[in-house]
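Take a look at the structure below.
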Amino acid sequence: PLSSAELIAKEKSMMDAARFEHCIGVSQTARKLAQLNGYDEDKAALAGFIHDYAKQVDNSEFEAVIKSENFDPDLLNWNRAIWHGIVGVYFIERDLKITDPEILQAIRRHTTADTEMTTLDKIVFVADFIEPGRSFPGVEEARKVSFANLDQGVAYELSHTLEFLIAKRARIYPKTIAAYNVWAAE
Ligand code: DGI
Ligand code: FE
Ligand code: FE
Ligand code: FE
């Protein structure tokens with residue numbers, strides 16, 4: 001495994017300063033959510049820190065990896081918003097030598113969520129949405145709900161993300177809709 005200094009240096013080398021700050025914020029928030037939910041705090045903090053490792057990888061590199069590593073070819077119909085988690089895990093395993101399947105799964109699911117979510121999946125998904133650097137209308141309510149009840153945080157985030165995507169007529173990834181139906185719909 002990499003030393004923590006090596007891991008931090010690699011993470012920093014992959015992104016601009018604002019994105020790095022976001023990753024620190026997600027890491028701290030994931031630690032807090034882990035403490036509130038009886039989950040391994042160091043593991044949650046690590047998953048949060050690296051969740052956007054591939055956020056600034058080039059489209060052409062994502063496309064090459066989807067093809068060469070035999071990812072579902074349907075991914076080619078989507079975009080970097082969807083790729084940086086699902087395909088990003090490939091870069092995280094390759095460069096950061098992270099092998100913990102629970103961490104890798106939480107990163108895969110951090111943008112779209114999924115019909116099944118472990119505690120760590122929920123922690124990373126929610127921490128990404130409410131970290132201290134986020135400032136969208138409703139973020140205070142999202143923080144309040146999420147710190148009180150993690151599942152309600154997941155529901156809040158899914159309904160707000162769907163509203164946001166629909167308002168701009170974005171194409172919705174089917175997993176996002178399936179997750180909404182399980183975690184947020186009445
Ligand atoms: O990487 P971050 O910006 O920290 O946050 P993220 O990974 O949760 O989300 C990245 C973007 O992906 C965000 O603008 C919302 C968008 N997104 C989430 N679900 C879907 C989606 N975009 C599309 N087109 N379809 C989705 O289902
Ligand atoms: Fe992300
Ligand atoms: Fe998110
Ligand atoms: Fe993020």
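Annotations for the structure displayed:
- Distance from the alpha carbon centroid of the stretch 84-149 to that of the stretch 32-69 works out to 7 angstrom.
- Unsatisfied cross-links (Cα-Cα over 25 Å) in the set K10/K175; K12/K32; K12/K144; K122/K144; K43/K168: K10/K175; K12/K144; K43/K168
- Shape call, the stretch 65-128: gyration tensor on alpha carbons, a/c limit 1.5: oblate
- Between V182 and N79, residue separation times 0.36 nm minus the direct Cα-Cα distance comes to 34.7 nm.
- In loop segments of the stretch 1-104 as defined by DSSP, the GluC sites (Glu not before Pro) with at most 14 further C-beta atoms inside 10 Å of their C-beta are E69.
- Estimated translational D of the stretch 67-177 in µm²/s (Stokes, Kirkwood radius over Cα pairs; 10 °C; 1.306 mPa s): 106
- Hydrophobic long helices, here whole DSSP H runs in the chain with Kyte-Doolittle means of at least 1.0 and Cα atoms spread over 15 Å or more along the helix axis, are found at 119-130.
- Remark: spin-label model distance A5-A167 equals 4.6 nm, labels positioned 7 Å along the Cα→Cβ axis.
- Basic side chains Lys and Arg get +1 at the Cβ, acidic Asp and Glu get -1 at the Cβ, and with that the dipole of the stretch 73-169 about its Cα centre reaches some 320 debye.
- Additional length obtainable on full extension of the chain from T99 to D58, 0.36 nm per residue less Cα span: 12.4 nm
- Gyration tensor (alpha-carbon) shape descriptor, the chain, a/c threshold 1.5: oblate
- If only the Cβ of Lys and Arg carry +1 and only the Cβ of Asp and Glu carry -1, the dipole of the stretch 4-183 around its Cα centre is close to 380 debye.
- Each of I130, Q152, I103 was scored by the projection of its Cα onto the charge dipole of the stretch 72-159, and the greatest displacement toward the positive side belongs to I130; charges sit on the C-beta of Lys, Arg, Asp and Glu.
- Order of D52, D74 under a 10 Å beta carbon neighbour criterion, fewest first: D74, D52
Any read-out appearing in this document is the output of simple, stated calculations on the displayed coordinates, not a laboratory observation. Here the structure is a predicted model, which means the values were calculated and not measured. Backbone-built Cβ (ideal geometry, glycine too); neighbour counts: all protein chains shown.
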